[in-house]
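The values are calculated or read from the model by the stated rules, or taken from the named source; none is laboratory data. Note that this is a predicted model, so its numbers are computed, not measured. Methodologically, a virtual Cβ is constructed for each residue, glycine included, from the backbone with ideal geometry; neighbour enumeration extends over all protein chains shown. Heads up: the accessible areas ignore ligands, DNA and RNA and are worked out on the full protein's heavy atoms, side chains in. Shrake-Rupley method; radii C 1.70, N 1.55, O 1.52, S 1.80 Å.
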Amino acid sequence: MLTVYSKANCPFCDQAKNLLKLKNIEFEEVRVDLVPEAREFIVSEGHRTVPQIYKDGKVFVQGGYQGLARLTESELKEKANAV
């Protein structure tokens, strides 16, 4: 399952979550503005912006929403369902 690190009032976060919902891809949302450990993790990974999308503790796609939007539907589903 994907993890979307996001925060409140973030249009790119909303777009990323909406795209995943539209494609029926399961994800959990972790709000970096509410969970200090999540913010620390994102910063320790070298990120300064959200959304950041991870799978199994590794970056799922570089570029947050824009990186996600560049994937074709088949690429997205293949990557999301890969074990």
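Just a few scattered comments:
- Of residues in the range 4-13 being touching a strand residue (DSSP E or B) at 6+ places or on another chain (Cβ under 9 Å) and open to solvent by 50 Å² or more (accessible area, probe 1.4 Å), the one nearest to ALA82 (Cα to Cα): PHE12
- Taking the criterion of being part of a helix (DSSP H, G or I), over 18 Å from GLN15 (Cβ atoms) and open to solvent by 90 Å² or more (accessible area, probe 1.4 Å), the only residue of the range 45-78 that qualifies is GLU78.
- Note on the range 14-37: residues that are open to solvent by less than 80 Å² (accessible area, probe 1.4 Å), hydrophobic (A, V, I, L, M, F, W, C) and more than 17 Å from LYS55 (Cβ to Cβ) amount to 2.
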